[in-house]
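Here is the structure we will look at, set down as structure tokens.
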Amino acid sequence: MYQIGAFSRVVGLSVKTLRYYHDIGLLEPAEIDTDSGYRYYSETEFFRAQRIIFLKELNFTLPEISEVLTHLDDDSDLQAYLKEKQDQLDMQIRELKKVQNAIQMHLDKEVKFMDEKIYTFELITVPEQLIASIRYKGKYDEAGKYISILFKAVGGNARGPVFALYHDASYMEEGADIEMCVPVKKAIEKGEVTSRILESETYLTTMHIGPYDKLNYAYKAMQDEMDAKGLESSIPIRETYEKGPGMLLKGNPEKYKTVLQFPVKNKK
């Protein structure tokens, strides 16, 4: 049996780390003296410590190590866990490579956090219209998939540009409530695509010209304009894509045209 100080030297882990591993149940002493509180470790803990150090060097987190050691029966189990960790790291490398490429792209040109854009505003009343739509909960960047489904169902019956209705009152990291819509000549009912009358609404409107990742500046300008005019907005907010990427090619994002519309009323 080893006291904690000696065990620390044997396994190459600090006393502070050993105490922490004990606290979280990862590496518990074989015995604890009830009178002195001294911790004692045996060969069993020595070999467990070696596995912990081995897995930690391979980028396993402490919760992952705890799970591995709990379910580790033989070497074949360890191989499976190592393969799973390798797959996770491959995915992380791909994601980091995307970030690296984005950084390089910005290094190759002047970085501008905000273009000098002047937004003009208009209060308009949009009359009721027949639309076909598909509503989903997910991420904003999944919209393209649903636009494709929408247009396959609508065919030649579209009578205007596609637009999105955002039914959440705030930005959503996950599970955003989004409805992709297009005005149509006649009602369409195909699979997930349904039709309805979108009621007339008064909107504060502006046009954003440029890529979608700069749309937040238009949102800021709209919010500032509402505050200045004593207006308040409701949902759903509407984005109409007058000019954007095609189904196959993206085109020039600097020339995308997006009409942003907030349903508004005077503050009480």
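Pairs linking a residue in the stretch 146-159 that is assigned by TED's automatic domain parsing to the domain that holds Ile178 to a residue that is basic (Lys, Arg), with Cβ atoms under 6 Å and 6 or more positions apart or on different chains, are Ala153/Lys190; Asn157/Lys185; Asn157/Lys186; Arg159/Lys185.
With respect to Tyr203, is the statement that it is in the same structural domain as Glu254 (by TED's automatic domain parsing) and in contact with a strand residue (DSSP E or B) (Cβ under 7 Å, 6 or more places away or on another chain) true? For Tyr203, the condition - in the same structural domain as Glu254 (by TED's automatic domain parsing) and in contact with a strand residue (DSSP E or B) (Cβ under 7 Å, 6 or more places away or on another chain) - is met.
Taking the stretch 25-73, which residues are of a type in the set (A, V, I, L, M, F, W, C) and within 16 Å of Ile4 (Cβ to Cβ)? The answer is Leu26, Leu27, Ala30, Ile32, Phe46, Ala49, Ile52.
When you check Leu130 against the structure, is it farther than 17 Å from Glu239 by Cβ, surrounded by 15 or more Cβ atoms within 10 Å (Cβ to Cβ) and in the same structural domain as Ser195 (by TED's automatic domain parsing), yes or no? The answer is yes for Leu130.
Screening Tyr136 with (1) in the same structural domain as Tyr203 (by TED's automatic domain parsing); (2) over 23 Å from the mean Cα position of the chain (by Cα); (3) surrounded by 14 or more Cβ atoms within 10 Å (Cβ to Cβ) gives one miss only, at (2).
Taking the criterion of being more than 22 Å from Ala169 (Cβ to Cβ), free of Cβ contacts under 8 Å to residues at least 60 places away in the same chain and within 29 Å of the chain's Cα centre (by Cα), the residues of the stretch 180-208 that qualify are Val182, Gly191, Glu192.
The values are calculated or read from the model by the stated rules, or taken from the named source; none is laboratory data. For clarity, every value in this text was computed on a predicted model and none was experimentally measured. Cβ coordinates were reconstructed from backbone atoms using ideal geometry, including for glycine residues, and neighbour counts include every protein chain displayed.
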